[in-house]
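Laboratory data are not the source of any read-out in this text; all were calculated from the coordinates shown. What you see is a predicted model; the values in this text were computed from it and never measured. Reconstructed Cβ throughout: ideal geometry from the backbone, glycine too, with neighbour counts over all protein chains shown.
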Amino acid sequence: RAGFVSFVGRPNVGKSTLTNALVGEKVAITSSKPQTTRRAIRGVVHRPNGQVIIVDTPGVHRPRTLLGERLNDLVQSTLGDVDVIGFCVPANEPIGPGDRFINDTLDQYPRAKKVAIVTKIDRTAKDRVGEQLLAVSKLREWDSVIPTSGTKGLQLEVLLDEITKLL
Ligand code: GDP
Ligand code: MG
């Protein structure tokens, strides 16, 4: 099996960090500033049962500027082409309008498998992680819902296994 996966989510939710952790080298630019990642950068993860090719996108956001619109176009053309979309929400912030906006845009990709990824689980208490898993589960029927930490390397094998299964 081989296929493409792309992580989407608001700026700063940990998409680039997750990409780096999965690929095992610094391929994507991470920053505490929103929208540092302007280009789709690919990393390939080799698995016993296949290959996962990761495309890191800029964060989708409600466009307020022309640049914002162009970035969203770039995200759209990327997502139209992937097998699995990983929707990232951080464990330590409530799901808000920005998250819901991005989740709604995923309806445009019925062919793609959709995995909800609760990121930064090292930032918060276990029961809060549980609450966030439940909250994200209510947004749509995900193919999988997985808690992770990119910086601590938690649950990355589980995530890769789930993605590979969906390819
Ligand atoms: P992106 O905009 O979604 O690509 O987010 P980044 O990967 O650039 O991460 C934004 C900020 O969150 C950076 O300061 C990261 O170090 C931090 N971060 C990302 N993932 C984690 C995580 O799993 N745990 C913690 N504690 N911080 C994280
Ligand atoms: Mg990024």
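Given the options Asp81, Asp127, Asp73, state which has the largest fluctuation in a GNM of the chain using a 10 Å cut-off (strictly under) for Cα springs.
Asp127
Around Gly80, under 12 Å between beta carbons, what's the net of Lys plus Arg minus Asp minus Glu among the other residues?
Its environment carries a net charge of -2.
Apply the Karplus curve 6.51 cos²θ - 1.76 cosθ + 1.60, θ = phi - 60°, to the phi angles in segment 144-161 and return the couplings in whole Hz, x for Gly and Pro.
Those phi angles translate into 6, 10, 9, x, 9, 9, x, 6, 8, x, 8, 6, 6, 5, 4, 4, 5, 4 Hz.
In segment 62-128, which trypsin sites (Lys or Arg not before Pro) fall in coil by DSSP and have 15 or fewer other Cβ atoms within 10 Å?
Passing sites in segment 62-128 are Arg64, Arg111.
Using the Cα centre of segment 2-166 as the reference point, and only Cβ charges (+1 on K/R, -1 on D/E), how large is the resulting charge dipole? Debye, rounded to the nearest 20.
400
Among Phe87, Phe4, rank each residue by its count of other Cβ atoms within 10 Å, from fewest to most, as a rough exposure measure.
With the fewest neighbours first, Phe87, Phe4 line up as Phe4, Phe87.
Write down Rg/Rh for the chain, rounded to two decimals, with Rg from the C-alpha atoms and Rh from the Kirkwood relation over Cα pairs.
Across the chain, the Cα-based Rg/Rh ratio is 0.92.
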